[in-house]
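Below is one structure; the comments refer to it alone.
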Amino acid sequence: MRVLQEREFKRLGGSRTIHIDVRLVTATNKNLEEAVRKGEFRSDLYYRINVVSIYLPPLRDRCDDIPLLVEYFLTKMGEDLGKRLSISSRALDVLVRCQWPGNVRELQNCLERAANAAPSGMIEDRSIACQSSQCLSSLLWKRELTPVSTPVVAQPVSAAKNGLEKESLARSPSGAREQLLEAMERCGWVQAKAARLLHLTPRQLGYALRKYEIPIKKF
């Protein structure tokens, strides 16, 4: 704590104070705010490390990134295997609709298994582990995983609007606006946190804020 606060320390058994000039970068997949509230994480440590926060949405909230990641991984794996790898549109659709509890690393591992099961170099949907009941994500993560209904291509604005209104804010305009304001207030007007609280993607939250004409507070 002293190192973080004062940027100085003493070696064990030493008497000389050593000053440091470092930048500390921390990462976690836990909800630290919730952990602090439950007494599972020290609040004084939280306020010392939480200076500039960057929220990286899970892969299931970044479906548009999956085709790009698939292309990158297949190119890299093809170079290692010495052959050209490609993927069918149906197989890519299977990957896009997965929830990926293991995020990008799980996607990479899934593609490696599929590539090994595709001697011709073309990955078909039958080569994806979940299509033959060989995916263990639901057991490892101890919850039911249901595919999301996101197409391979990016959703048009109208489709994003309809999904948002039906799933997350299916209320009257005044009720939806009140829900958004409450979430933003609870999260200190940090949009990434509010999106997570409402089970929305940051893009969906941004659209909702514009739709209901909610100005963003800056501190």
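A short reminder: the numbers here are calculations on the coordinates, not readings from a lab. Computed from a predicted structure; not experimentally measured. Cβ: placed from backbone, ideal geometry, glycine included. Neighbour counts: every protein chain shown.
Given labels modelled 7 Å from the Cα in the Cβ direction, how far is it in nm from Arg186 to Arg48?
3.0 nm
Please give the contour-minus-distance gain from Leu4 to Glu112: 0.36 nm per residue of separation, less the Cα-Cα distance, rounded to one decimal in nm. Don't skip to the end; give the middle numbers.
On the way: separation 108, 0.36 × 108 = 38.88 nm, distance 4.11 nm.
Length gained, Leu4 through Glu112: 34.8 nm.
Taking amide H atoms as placed 1.01 Å from N in the peptide plane, list the residues 5 or more away in sequence, or in a different chain, whose amide H sits under 5 Å from that of Ile123.
Ser86, Ile87, Ser88
If packing is taken as the average number of other Cβ atoms within 10 Å across a peptide's residues, how do 96-104, 37-45, 117-125 rank, most packed first? Intermediate results must be reported in sequence, preceding the final value.
Working: 96-104: 18.6, 37-45: 11.3, 117-125: 15.1.
Top to bottom by mean Cβ count within 10 Å: 96-104, 117-125, 37-45.
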